[in-house]
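The values are calculated or read from the model by the stated rules, or taken from the named source; none is laboratory data. On a predicted model such as this, the values are computed, not experimentally measured, just so you know. Here the Cβ positions follow ideal geometry from the backbone for every residue, glycine too, while neighbour counts run over all protein chains shown. Note: accessible area is taken over every heavy atom of the protein model, side chains too, but ligands, DNA and RNA are not part of it. Shrake-Rupley method; radii C 1.70, N 1.55, O 1.52, S 1.80 Å.
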Amino acid sequence: MGDQKYGVDPDACRKIALSVKELTSLGVQVGIVIGGGNIFRGVKATKAGMDRTPADHIGMLATIINGIALQQAFERNQCESRIMSAIACDVMAESYSWKDALKYLEKGIVLIFVGGTGNPYFTTDSAAALRALEIRAEILMKATKVDGIYDKDPLEFPNAVKFDRVAYSEVLARGLQVMDATAITLCQENRIPIRVFDMFSPHSLRSAVYNEPIGTLVVGE
């Protein structure tokens, strides 16, 4: 949503597309799991009285909207991409298949994964960890609006300390708010490192891929 309070910001989509295109030009294979919080948050709706399952279904549909918007940004910048959905929506997105996903990646096509895991009660973080496993990713990048993981919320506490490197176990033990426990545990069990960084910092995605000291790296002990 960029600097907007809600919705889709075309300029934010363009910046993401250009950053990803830079990676594909270097031969990097990229799969993107996209959320829908800029449009609808299921957890917030449940607090207003909506049942969790339909609330999460709405959130999944919101990710499809974002996926279409992002794909259009890729198309405008001559970067080939495919939308693959965990929920059936054939008119707007291809149904997810891990075998097809691997074939697309081998061809240098950017994949946009939407629909979460296809199930309620699972977050986009969990979907990202699951897709990372399925496409045999070397690293999971958590691209956010913050520049890493802190010991407490840096927006509320000016004295918050940023971690350059932290273990999965410490993230879980201290309840550090970076990804949900399911996602962290999946990555821990399968030894997939996680890098958390600010997506909109100049050249941040390229720096993250080159393992430069940006954001926070989550690894084993």
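General remarks:
- Estimated translational diffusion coefficient (Stokes-Einstein, Kirkwood radius over Cα pairs, 37 °C, 0.692 mPa s) of segment 89-149: 252 µm² per second.
- Taking θ as phi - 60° and the Karplus parameters 6.51, -1.76 and 1.60, the scalar couplings of segment 15-32 work out to 5, 5, 4, 5, 5, 5, 4, 4, 5, 5, 5, 8, x, 7, 8, 10, x, 10 Hz in sequence order, x denoting glycine and proline.
- Diffusion constant of segment 181-221 at 25 °C, which comes from Stokes-Einstein with the Kirkwood Cα-pair radius and 0.890 mPa s, µm²/s: 223
- For segment 1-114, a/c is not less than 1.5, where a ≥ b ≥ c are the root eigenvalues of the C-alpha gyration tensor, and a/b does not top b/c. That puts it in the oblate class.
- GNM top mover of 67, 116, 27 - the chain, alpha-carbon springs below 10 Å: 27
- For segment 131-138, backbone phi angles converted through the Karplus equation (6.51, -1.76, 1.60; θ = phi - 60°) give residue-by-residue couplings of 5, 4, 5, 5, 8, 6, 5, 7 Hz, Gly and Pro being listed as x.
- Modelled FRET efficiency - R0 35 Å, residue 161 with residue 53, Cβ distances, 0.05 increments: 0.35
- Note on residue 68: accessible area approximately 50 square angstrom, rounded to 10, probe 1.4 Å, nucleic acids and ligands left out.
- Within-12-Å neighbourhood charge of residue 200 [Cβ basis; K, R +1; D, E -1]: -2
- For peptides 184-191, 46-53, sequence by mean Cβ density within 10 Å, most packed first: 184-191, 46-53
- Overall form of segment 17-80 per C-alpha gyration tensor (a/c, 1.5; a/b vs b/c): prolate
- Cα gyration tensor shape for segment 55-124, rounded if a/c is under 1.5, else prolate or oblate: oblate
- Segment 137-212 has equivalent-ellipsoid semi-axes of 19, 18, 9 Å, by the square roots of 5 times the alpha carbon gyration tensor eigenvalues, sorted largest first.
- Among the chymotrypsin sites (Phe, Trp or Tyr not before Pro) within segment 1-109, those in coil by DSSP and having at most 11 neighbouring Cβ atoms inside 10 Å are 6.
- Summed side-chain charge close to residue 151 - residues other than residue 151 whose Cβ falls under 9 Å, Lys, Arg +1, Asp, Glu -1: +3
- Net charge, residue 32 excluded, C-beta distance under 13 Å - Lys, Arg +1, Asp, Glu -1: +4
- Sorting 109, 87 on solvent-accessible area from highest to lowest, probe radius 1.4 Å, gives 87, 109.
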